[in-house]
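First the structure, in the form of structure tokens, and then the observations on it.
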Amino acid sequence: RSLNPLRLVIALAIQRPRRPGTYMPLTAASKRRAIKVALLGLVGLTIATYALSVETQMHEPGYEAACDIGAGFSCTAVFSSEYAHPLSHWGLVKQGDALDIGLAVAGMALYSAYFVAACLWRLNLVPYRQPLFLAVATAGACFSCYLLYVLKFILGDFCIVCTGFHCVNFSMFAVALFEFFDSGTSGKGGKRA
């Protein structure tokens with residue numbers, strides 16, 4: 001039988017470890033949320049990978065990104081702006097420095113971390129998983145609000161790739177809220193997310 005990667009991801013997210021005491025008991029809703037976080041992480045990682053592809057090729061002659069729909073709807077205009085590298089834009093690092101990472105690379109790191117965290121959801125590897133998840137998701141949602149402001153009011157552009165990032169970030173924030181405020185009830189009559 002061939003190995004299906006999606007089945008493996010789902011199995012890792014919901015399986016019960018063999019040694020007692022190596023996992024945190026989860027509600028049925030929390031197990032569903034682990035699957036949602038893994039899937040959202042994969043969606044975000046896919047979008048970030050495409051964004052990195054556009055960033056690396058946008059200066060090549062004749063390259064036209066699929067996300068460039070027209071005037072005012074250009075992802076390459078957004079990715080080539082100074083806001084695409086927030087650390088250098090804010091003056092925290094020099095432009096071109098090794099730490100001057102773009103939004104695509106930062107997204108790949110964040111969404112990969114979400115995916116790995118979801119696969120290890122049940123293990124006691126990270127203390128205070130729920131508040132940490134909420135803090136990271138809140139930071140992601142706040143950063144998306146900042147970037148939406150930049151897109152609308154400063155750049156005056158629309159970026160379909162960026163919109164994908166924001167949808168994933170806001171969805172992840174909603175899942176984190178449900179997970180944080182989960183009362184510990186089981187799937188019967190408990191909170192659902």
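Data for the structure
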item	result
So Ser30, is it within 22 Å of the chain's Cα centre (by Cα), open to solvent by less than 50 Å² (accessible area, probe 1.4 Å) and of a type outside the set (Val, Ile, Thr)	yes
Filter pass, Ser53 being open to solvent by less than 30 Å² (accessible area, probe 1.4 Å), assigned to a helix (DSSP H, G or I) and of a type in the set (S, T, N, Q)	no
So Ala106, is it within 24 Å of Phe170 (Cα to Cα), in contact (Cβ under 8 Å) with a residue 60 or more places away in the chain and not aromatic (Phe, Trp, Tyr)	no
Index of the failed condition, Leu6 passing every other in (1) within 28 Å of Ala174 (Cβ to Cβ); (2) modelled with pLDDT of 70 or more	(2)
Tally of residues being surrounded by fewer than 18 Cβ atoms within 10 Å (Cβ to Cβ), hydrophobic (A, V, I, L, M, F, W, C) and either at pLDDT 85 or above or in a helix (DSSP H, G or I) (or both) across the stretch 121-140	4
Checklist (1) hydrophobic (A, V, I, L, M, F, W, C); (2) modelled with pLDDT under 85; (3) open to solvent by less than 40 Å² (accessible area, probe 1.4 Å) applied to Met24, failing item	(3)
Tally, over the stretch 79-103, of residues that are in contact (Cβ under 8 Å) with a residue 24 or more places away in the chain and either closer than 15 Å to Gly41 by Cβ or over 19 Å from the mean Cα position of the chain (by Cα) (or both)	1
Where a residue in the stretch 43-72 is modelled with pLDDT under 85 and its partner, wherever it lies, is open to solvent by 70 Å² or more (accessible area, probe 1.4 Å), with Cβ under 8 Å and at least six apart	Gly72/Phe158
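So that you can scan it fast, the table gives a plain yes or no per residue for (1) in contact with a His (Cβ under 7 Å, 6 or more places away or on another chain); (2) open to solvent by 20 Å² or more (accessible area, probe 1.4 Å); (3) part of a loop (DSSP other than H, G, I, E, B):
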position: Leu99; (1), (2), (3): no, yes, yes
position: Cys142; (1), (2), (3): no, yes, no
position: Leu151; (1), (2), (3): no, no, no
position: Val168; (1), (2), (3): no, no, no
position: Ala176; (1), (2), (3): no, no, no
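The values are calculated or read from the model by the stated rules, or taken from the named source; none is laboratory data. What you are looking at is a predicted structure, and each value in this text was computed from that prediction instead of being measured. Glycine also receives a Cβ, built like all others from the backbone with ideal geometry; neighbour counts cover every protein chain displayed. SASA here: full protein model, heavy atoms, side chains in, ligands and nucleic acids out. Shrake-Rupley method; radii C 1.70, N 1.55, O 1.52, S 1.80 Å.
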